[in-house]
Amino acid sequence: MSESDLPVPTLPNARDAVRALRPSQIREVANAGFGVADVLPFWFGESDRVTPAFIRDAASAALAAGATFYTHNLGIAPLRAALAGYVSELHGTTSPDHIAVTSAGVNALMLAAQLVVGPGDRVVAVTPLWPNLVEIPKILGAHVETVALSYGERGWQLDLEQLLAALTPDTKMLLVNSPNNPTGWVMSRDEQRAVLAHCRRHGIWIVADEVYERLYYADAEPGARGAHSRTAPSFLDLAARDERVICVNSFSKAWLMTGWRLGWIVAPASLMDDLGKLVEYNTSCAPDFVQQAGVAAIQQGERFTQDLVLDLKASRDHLVRALSTVPGVDVKAPPGAMYLFFSMPGASHSLELCKAMVRDVGLGVAPGSAFGPQGEGFVRWCYACDTARLDAGVERLKRFLAQRGTH
Ligand SMILES: Cc1ncc(COP(=O)(O)O)c(C=O)c1O
């Protein structure tokens, strides 16, 4: 048989689990904005400010000194030690043996899932939720059930009984993100206690995404004292270090380091050898000079982070006030993270609405449906920027509603 007789192959495809992943609806809205000259983007979860100079300087110095080589899979010793000190101060004694450095939060989530779940495993996630948490276990063949927060007079609330009922003994892993993206919901200490006790009873892993733990406003008034005023309630406050709890964290939000790709995991020491193998086969390590910048962030960044939280709180309150003047908008100030997740006229088809807003008035916000079906009816606005820009955005929102005749 000559080569020309061979059947023409069908177009190659990725495997089914990958093809079934949901594409990002935030990207879909951003794509609709291509060609629009002047877009005000509030759709991504990052500040408009650059990483503080002392962190950039530490990276430059490390590069100048030649920190260009592979490191230990679990991170350089000074960063693991600095993180152990930081976590100990916020959440109780934690040794470096419980810390692994990762290539940011999203890689930490992938590693945590790879440690714990496999094909056919049952995973439960509290939603609405940043889509990566729900999609990552699916890449590994797991089956994800969701338990929805509900929106009412007191903002977003968890039905604890419903969550506990969903955490059946055959569940492998619970995914909780608190403070939550997109809603800003924060799980209370009592809820965490009940969930931890239940998961202990049934041997269920808790993977807690706490990347927004420092962006917590409930007690963060100037002059507030005590460890918990500096952070949202954490599973690390309650759990022993060697039980089935994996906490994921990141430098992206509290030190404005989104582009650096640096994060960490707090996990039982008994997992670390296997976690090291997974890091090896995923990324091998985070870059050395980036890790050295992380040491500077931890050792010198506390004042910066505390000031950032006060700024974010002021921005949140400013945007809540401004949006409250827009007829048809229902918005409440949430206790954590850096988003307002609110309803407005037309939001029952949030993807179409957000595409229209970017096309018609250059206002870029994220559709609630990007965070799962439970997010439909809402839009997400990241308020991590200066208030003049927030005001300009609100003006565009008003113009959009006026053009549509809904205002
Ligand atoms: C809930 C949540 N977890 C994790 C991350 C990961 O952030 P990074 O990979 O930049 O650390 C994000 C980013 O927006 C997030 O919103």
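What to note about this one:
Matching residues to (1) within 16 Å of the ligand (Cβ to nearest atom); (2) of a type outside the set (Asp, Glu); (3) under 22 Å from residue 255 (Cβ atoms):
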| residue | (1), (2), (3) |
| --- | --- |
| 56 | no, yes, yes |
| 59 | no, yes, yes |
| 76 | no, yes, yes |
| 103 | yes, yes, yes |
| 108 | yes, yes, yes |
| 114 | yes, yes, no |
| 125 | yes, yes, no |
| 129 | yes, yes, no |
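- When restricted to residues that are surrounded by fewer than 20 Cβ atoms within 10 Å (Cβ to Cβ) and either without any contact (Cβ under 8 Å) to a residue 24 or more places away in the chain or more than 8 Å from the ligand (Cβ to nearest atom) (or both), the range 245-270 contains 4.
- Residue-level analysis places residue 44 outside the set of residues that are without any contact (Cβ under 8 Å) to a residue 12 or more places away in the chain, outside the structural domain of residue 177 (by TED's automatic domain parsing) and not in a strand (DSSP E or B).
- Scoring residue 23 on the criteria (1) within 16 Å of the ligand (Cβ to nearest atom); (2) part of a loop (DSSP other than H, G, I, E, B); (3) assigned by TED's automatic domain parsing to the domain that holds residue 342 leaves a single failure, condition (1).
- Candidates 150, 188, 178 - the one that is over 18 Å from residue 371 (Cβ atoms) and either in contact with a Phe, Trp or Tyr (Cβ under 9 Å, 6 or more places away or on another chain) or hydroxyl-bearing (Ser, Thr, Tyr) (or both): 188
- All positions within the range 68-111 that are touching a Ser or Thr at 6+ places or on another chain (Cβ under 9 Å), in contact (Cβ under 8 Å) with a residue 60 or more places away in the chain, surrounded by fewer than 19 Cβ atoms within 10 Å (Cβ to Cβ) and not in a loop (DSSP other than H, G, I, E, B): 85, 90
- The set of residues in the range 353-393 being within 11 Å of residue 42 (Cα to Cα) and either surrounded by fewer than 16 Cβ atoms within 10 Å (Cβ to Cβ) or aliphatic (A, V, I, L, M) (or both) consists of 358, 363, 365, 366, 379, 384, 389, 390.
- Applying the criterion of being exposed (fewer than 15 other Cβ atoms within 10 Å of the Cβ), of a type in the set (A, V, I, L, M) and more than 16 Å from the ligand (Cβ to nearest atom) to the residues of the range 29-54, the residue that is modelled with the highest pLDDT is 53.
The values are calculated or read from the model by the stated rules, or taken from the named source; none is laboratory data. Here the structure is a predicted model, which means the values were calculated and not measured. Backbone-built Cβ (ideal geometry, glycine too); neighbour counts: all protein chains shown.
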